[in-house]
Amino acid sequence: MNQEMLRRLVLKDWHFNRTAILICLGLGALSLKVLTLPSEGAFYAGSVLLISVVIGLGIHLVISTVVYERKHQTLPFVMSLPISPMEYVVAKILANLSIFAATWTILCVATLSVIWASPGLPNGLLPLAVILLAELFAAYCLTLAVALITESEGWTIVMLVVGNLFFNYFLYFITHLENIATHLQSPVAVWNRPVWWTLAAITTTISLSLAGTLVAQTRKTDFL
Amino acid sequence: MTDPVVQFHGVSKRYSHFLLQDVDLELPRGGIMGFIGPNGAGKSTVIRILMGLVRPDRGEVRVLGQDIPKGQVQAKRDIGFGSEDLRLYRQTTLDWHMEFVRSIYPSWDQSYADTLLRRFDLKRDQKVKGFSHGQRVKAALLLVLARRPKLLVLDEPTTGLDPVARAELLDELMEVVVDDDRSILFSSHNTLDVEQISDYITFIDRGRILATDDKETFLDRWRRLRLELPPETVLPNPPGVVSTQRQGHLCVVTTNQFEPETPSLYSAVGATVTAVEPLTLEEIFIATVRTSREVQPS
């Protein structure tokens, strides 16, 4: 792998998305502030805003770094540089994961800290928060994989819609799962087997989507 | 002949509605090859294969001594690629692009880049989204030329440019090959551009190379003979006659194997050769495509 070129391409995507990252962090901080206000309505509003920020960041990154590179015809410029199609895909994965993971981690740590430190929010919410944020990470990776494999704006939008619909179903499912739901109002976080299995399934999904993207790239004969 | 910088041997690529068939192509070091074909002839496919972006089903490709696509990264260090559908990042400035490209290529020549900025009348701190089409093409060409690549590959670089911008671009290309070590392959359907600057010509149509040779040979071989014929004259049929159009006692013969003695073949049967005219590259191209399509209808 041409590490110097990978580094430059990753830095390019960081540079072009720096404003979006700052906006997401700002909105994330706002959502956490709202989350701690002493009312149930504020708690839900803060949660919805936080989830929307993470989803929005994922959509923005995939669209701006992958879909628009084809749509706005900047891909021929990038591919004229000394890189192979496989290195391009690796650079896109690294750029996307590093930007999303950095922002996601900050929001994740901040969310858990707020829940942990706020007297009005039970620590029993901690596992649920981790699971939901991890699911958003997995949905983002799947969308990125679809965008890179299909090279299609249409399929990427379909995946975004499916991912968001699935999140609603997942939220309902996980908050009604007996071994998780019964501990949500608990004063201590309960990290039981269903929580770990769910996180393991999410981690597997992330790994498979990224590995699948690389395997699909090795089988492609045409790139542009 | 020096080592070719581009070599295609028996390259084929099949798509559902298009077949690139047994392409053989060679561009000598220091040469400018004009790659002419109608829209959809396969020019861009050949160029994408050359750049390693499309893998051929069959055949061998070598560019600057590297096997393609395997050695594409190494080859692309010395290739400057420009394409009609290549765009720069709209949200940022030409200066950012120059810094970005400069950071990748040690061969970047800043003083030449500054010269091109002035010559092309480009503003380095202007965002790309404010550029006209001509400015975008010139900016992309600046980024390519200032790297001093050994091989320039340009896919329809003059499409959509006004005559002044086209002339500026062609002048710059001519200057590039003053250095004997640099070569250019550029595709176009504008035969005037190709005729102006190329020293090698390749015609492509429907995925097949129809003809490839140096420009002078092309232009020397093709002639149009205007004849006046006595009644009942039977014309000879020497090799290379592409078309014969008769109207009353007047006749026009087009040949692609003209020799100094060709007119005497017609005089010998009683015809009067009233004119021997050279053909423009466009006329040669059209005649070549028509002849090929008559022989091999789609």
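The values are calculated or read from the model by the stated rules, or taken from the named source; none is laboratory data. Please read these numbers as outputs of a predicted model, since none were measured by experiment. Here the Cβ is made from the backbone with ideal geometry for all residues, glycine too, and neighbour counts use every protein chain on show. These area figures cover heavy atoms from the full protein model, side chains too; ligands, DNA and RNA do not enter into them. Shrake-Rupley method; radii C 1.70, N 1.55, O 1.52, S 1.80 Å.
Worth a mention:
- Number of positions in the range B:177-207 that are under 19 Å from residue B:28 (Cα atoms) and among the charged types (D, E, K, R): 6
- Residue within the range A:55-76 that is within 16 Å of residue A:213 (Cβ to Cβ) and of a type in the set (S, T, N, Q) present: yes
- Odd one out for residue B:112 among (1) part of a helix (DSSP H, G or I); (2) open to solvent by less than 40 Å² (accessible area, probe 1.4 Å); (3) at pLDDT below 95; (4) in contact with a Phe, Trp or Tyr (Cβ under 9 Å, 6 or more places away or on another chain): (4)
- Scanning the range A:37-46 for residues that are in contact (Cβ under 8 Å) with a residue 12 or more places away in the chain and either aromatic (Phe, Trp, Tyr) or buried (at least 19 other Cβ atoms within 10 Å of the Cβ) (or both) returns A:43, A:46.
- Complete set of residues in the range A:184-224 that are over 30 Å from residue B:54 (Cα atoms), within 20 Å of the chain's Cα centre (by Cα) and open to solvent by 30 Å² or more (accessible area, probe 1.4 Å): A:196, A:197, A:200, A:201, A:203, A:204, A:205
- Subset tally (residues that are closer than 22 Å to residue A:167 by Cα and within 16 Å of the chain's Cα centre (by Cα)) for the range A:21-46: 4
- Members of the range A:71-84 found to be within 22 Å of residue B:149 (Cα to Cα) and either within 7 Å of chain B (Cβ to nearest Cβ) or crowded, with 21+ Cβ neighbours inside 10 Å (or both), listed by number: A:74, A:75, A:76, A:77, A:79, A:80, A:81, A:82, A:83, A:84
- Among the numbered conditions (1) open to solvent by 40 Å² or more (accessible area, probe 1.4 Å); (2) farther than 19 Å from residue B:169 by Cα; (3) outside any loop (DSSP other than H, G, I, E, B); (4) more than 14 Å from every other protein chain (Cβ to nearest Cβ), the only one that residue B:25 does not meet is (1).
- Taking the range A:9-18 as the range and being at the interface with chain B (Cβ under 9 Å from one of its Cβ atoms) and farther than 20 Å from residue B:128 by Cα as the test, no residue passes.
- For the range B:39-48, a residue qualifies if it is modelled with pLDDT of 90 or more and out of contact with any Leu (no Cβ under 8 Å at 6 or more places or on another chain), and the qualifying residues are B:41, B:43, B:44.
- Filtered residues of the range B:41-91 (kept if open to solvent by 10 Å² or more (accessible area, probe 1.4 Å) and in contact with an Asp or Glu (Cβ under 6 Å, 6 or more places away or on another chain)): B:44, B:64, B:83, B:84
Residue-by-condition table, conditions (1) among the charged types (D, E, K, R); (2) touching a residue at least 12 places away in the same chain (Cβ under 8 Å); (3) crowded, with 17+ Cβ neighbours inside 10 Å:
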site: A:120; (1), (2), (3): no, yes, no
site: A:136; (1), (2), (3): no, yes, yes
site: A:141; (1), (2), (3): no, yes, yes
site: A:170; (1), (2), (3): no, yes, yes
site: A:182; (1), (2), (3): no, no, no
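- Of B:70, B:43, B:76, all but one fail to be more than 8 Å from chain A (Cβ to nearest Cβ) and out of contact with any strand residue (DSSP E or B) (no Cβ under 8 Å at 6 or more places or on another chain); the exception is B:70.
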